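To start, the structure itself, in structure tokens.
The values are calculated or read from the model by the stated rules, or taken from the named source; none is laboratory data. If you're wondering where the values come from, they're calculated on a predicted model, not measured in any experiment. Please note: Cβ atoms are built from the backbone with ideal geometry, for glycine as well, and neighbour counts cover all protein chains shown. With ligands, DNA and RNA removed, areas are computed over all heavy atoms of the protein, side chains included. Shrake-Rupley method; radii C 1.70, N 1.55, O 1.52, S 1.80 Å.
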There are 2 protein chains.
Amino acid sequence: MAILLLLNQVDPAILEGHLKSHPDCPDVRTYPDTGNVEEIDCVIVWKHDQGLLNEYPNLKLIASYGAGVENILSDPTLPEGVPITRFVDKSLSDQMAEFILAAILNHRVNLTYYREQQAACHWQEKPAIKGNNVTILGLGELGTTAAKLLHKNDYKISGWARSEKNIDGITSYYGENQLFQSVAEADFVVCLLPLTPETREILNSDLFAAMKKGSYLINVGRGDHVNEDDLMNYLSQEHLSGALLDVFSTEPLPRDHPFWQHPKIHVTPHISSPTDKAKLARQILDNYNRLSKGEPLLHLIDRKRSY
Amino acid sequence: MAILLLLNQVDPAILEGHLKSHPDCPDVRTYPDTGNVEEIDCVIVWKHDQGLLNEYPNLKLIASYGAGVENILSDPTLPEGVPITRFVDKSLSDQMAEFILAAILNHRVNLTYYREQQAACHWQEKPAIKGNNVTILGLGELGTTAAKLLHKNDYKISGWARSEKNIDGITSYYGENQLFQSVAEADFVVCLLPLTPETREILNSDLFAAMKKGSYLINVGRGDHVNEDDLMNYLSQEHLSGALLDVFSTEPLPRDHPFWQHPKIHVTPHISSPTDKAKLARQILDNYNRLSKGEPLLHLIDRKRSY
């Protein structure tokens with residue numbers, strides 16, 4: 001049997017190398033060099049071309065290359081009943097939390113602003129931002145880790161999720177009804193939601209209007225969480241003071257995209273939680289072995305909830 | 001009697017307003033509108049023109065506008081026996097600590113780097129810096145607060161000071177003999193020393209050579225702690241990966257200074273610990289009243305130690 005890599009926008013050779021470094025690794029193939037489709041019992045998937053998933057009659061495992069699985073779930077050819085797993089990495093949560101703290105501090109003390117002034121030899125103080133209310137949309141593994149780090153640094157944290165959460169020191173909002181309330185007092189709103197039909201373009205005019213004037217948006221969820229026109233409007237009206245965006249609907253962000261040259265948008269190239277390929281390879285092979293022994297899989301997706 | 005403001009490089013009107021808002025405030029004058037010099041019993045001093053301090057025969061208190069007092073102590077006309085106080089502000093320590101954490105995180109996750117790439121529509125990941133060893137030169141109020149904040153955020157902290165310190169979780173180095181050892185393992189070196197004859201240009205080739213390749217310098221002490229030529233050399237040799245400088249020998253930094261256009265130097269306009277003028281006014285008037293009642297003064301300088 002064989003593992004097939006169905007990866008777009010990432011280099012499959014690095015993961016392949018890590019997989020093959022394990023003695024118990026089966027044959028690894030990279031699409032489109034699939035060979036006999038009947039031999040494929042596991043696919044590793046990232047931003048794959050839709051419409052391929054029902055081509056493997058003996059498929060037993062669909063493993064996401066990353067934490068998100070929206071591209072898998074939205075594929076109309078996704079076979080029923082095949083388990084889907086995602087990549088869970090505690091150090092990835094820590095890196096994400098650090099990135100969010102860095103983004104907040106950078107805006108609070110205006111570090112990037114001063115660097116831009118520096119090019120013009122400009123010596124001018126800009127008052128630091130005093131507000132320390134942060135709302136985190138999404139309180140899964142990543143959101144909870146970020147909330148805890150920020151709480152430890154004396155930020156006042158609110159979180160919003162599908163259901164009520166009980167996390168020490170964090171005010172829990174939940175359900176559609178409490179979304180706008182959750183962001184009303186925030187100086188910083190951080191999106192760490194999974195991308196589902198309900199959360200697509202959740203960062204839109206209605207949400208921005210519910211945020212207070214001068215607040216700052218950090219999107220480290222998915223590009224499709226943002227309605228781009230609405231964001232540009234609320235930035236140009238100066239209702240939002242700025243935005244740091246690490247994820248985009250199309251990645252890499254196209255060269256002609258207006259975000260690149262926007263003075264209030266800080267673009268980072270999807271680096272808030274870089275995948276540790278060695279760890280990913282171990283996690284997938286572990287599940288692959290569990291499958292052969294009939295043991296329960298780790299990090300399984302609930303298809304109904306979409307994450 | 002009267003208070004005289006001897007302030008350069010800051011606006012005296014703001015402090016004057018805060019002083020006069022207190023009902024027990026005596027007459028406040030601003031140099032050179034001194035009036036009768038015999039009426040001056042307190043001067044508030046910041047980067048004053050040297051040579052003025054012995055002109056007030058009834059002077060009883062010299063209050064520094066900021067935390068540093070080097071400009072007062074280096075004045076040859078400084079009268080013997082007049083107490084010198086400095087401004088101590090716990091929230092200023094917190095702000096300084098936050099600024100240092102921001103500077104470290106900004107370098108670790110390359111936020112400013114990405115912002116510079118953004119201007120060229122460049123989508124390219126730069127690996128985050130993994131090292132988390134920080135050495136803080138100077139473990140006074142500011143250094144200790146910064147050390148504690150960084151320790152709470154899981155950095156490994158060493159500190160260097162004149163004498164041995166016992167601070168939970170922080171490796172203490174002390175005395176001239178241990179200076180180079182204190183920075184040998186550091187990924188980040190933060191200068192928070194007072195400026196004294198011993199610490200002037202302490203950030204020089206010898207210290208940089210003792211730092212490891214790729215380490216990063218943050219100077220939030222005084223501009224005169226840095227030997228500027230040595231710093232430029234060690235940056236161009238790529239021994240140091242960069243520097244954030246918030247303080248300079250001449251402030252504002254002159255327009256023709258090479259630091260402005262240096263790609264590896266991040267210039268901020270002395271904003272790491274902005275003086276809270278309302279609090280400064282209260283602290284000085286408190287000491288002024290203590291003086292009249294013969295009570296001990298707060299935040300007195302030890303002239304022998306220079307801080």
Name the single residue that is farthest from the chain's Cα centre (by Cα) among those in segment B:85-119 being small (G, A, S) and more than 9 Å from chain A (Cβ to nearest Cβ).
B:S91
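Okay, residues lined up against (1) polar (S, T, N, Q); (2) open to solvent by less than 40 Å² (accessible area, probe 1.4 Å); (3) under 30 Å from A:N133 (Cα atoms):
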{"site": "A:L6", "(1), (2), (3)": "no, yes, no"}
{"site": "A:H18", "(1), (2), (3)": "no, no, no"}
{"site": "A:N54", "(1), (2), (3)": "yes, no, no"}
{"site": "A:V82", "(1), (2), (3)": "no, yes, no"}
{"site": "A:L105", "(1), (2), (3)": "no, yes, yes"}
{"site": "A:T112", "(1), (2), (3)": "yes, yes, yes"}
Hey, any hits in segment A:262-283 for a residue that's part of a helix (DSSP H, G or I), open to solvent by less than 10 Å² (accessible area, probe 1.4 Å) and among the small types (G, A, S)?
yes
Taking A:S292 as the residue in question, decide whether it is hydroxyl-bearing (S, T, Y), at pLDDT 95 or above and open to solvent by 40 Å² or more (accessible area, probe 1.4 Å).
no
Residue check for B:N166: part of a loop (DSSP other than H, G, I, E, B), surrounded by fewer than 23 Cβ atoms within 10 Å (Cβ to Cβ) and not assigned by TED's automatic domain parsing to the domain that holds B:G66:
yes
A:G242, sole failed condition from (1) within 14 Å of chain B (Cβ to nearest Cβ); (2) assigned to a loop (DSSP other than H, G, I, E, B); (3) more than 21 Å from B:E125 (Cβ to Cβ)
(2)
Test B:A146 against the stated conditions and say whether it is within 14 Å of chain A (Cβ to nearest Cβ) and either buried (at least 17 other Cβ atoms within 10 Å of the Cβ) or among the polar types (S, T, N, Q) (or both).
yes
Anything in segment A:255-307 that is within 27 Å of B:A119 (Cβ to Cβ), more than 9 Å from chain B (Cβ to nearest Cβ) and free of Cβ contacts under 8 Å to residues at least 12 places away in the same chain? List them, or say none.
A:P263
Please give the number of the condition B:T135 fails out of (1) at pLDDT 95 or above; (2) touching a helix residue (DSSP H, G or I) at 6+ places or on another chain (Cβ under 6 Å); (3) within 14 Å of chain A (Cβ to nearest Cβ).
(3)
Can you tell me which residues in segment A:20-29 are in contact with a strand residue (DSSP E or B) (Cβ under 9 Å, 6 or more places away or on another chain) and either farther than 16 Å from A:I62 by Cβ or not assigned by TED's automatic domain parsing to the domain that holds A:N54 (or both)?
A:K20, A:C25, A:D27
Does segment B:196-218 contain at least one residue that is in a helix (DSSP H, G or I), open to solvent by 40 Å² or more (accessible area, probe 1.4 Å) and free of Cβ contacts under 8 Å to residues at least 12 places away in the same chain?
no
Among helices (runs of 4 or more DSSP H) entirely within segment B:55-149, at least 3 residues that are over 24 Å from B:L15 (Cβ atoms) and touching a residue at least 60 places away in the same chain (Cβ under 8 Å) occur in B:90-108
Within segment B:219-250, the residues that are within 13 Å of the chain's Cα centre (by Cα) and surrounded by 15 or more Cβ atoms within 10 Å (Cβ to Cβ) are B:N219, B:V220, B:G221, B:R222, B:G223, B:D224, B:H225, B:V226, B:L245, B:D246, B:V247, B:F248
Checking B:T77 against (1) of a type outside the set (D, E, K, R); (2) within 14 Å of chain A (Cβ to nearest Cβ); (3) open to solvent by less than 40 Å² (accessible area, probe 1.4 Å), the condition it does not meet:
(2)
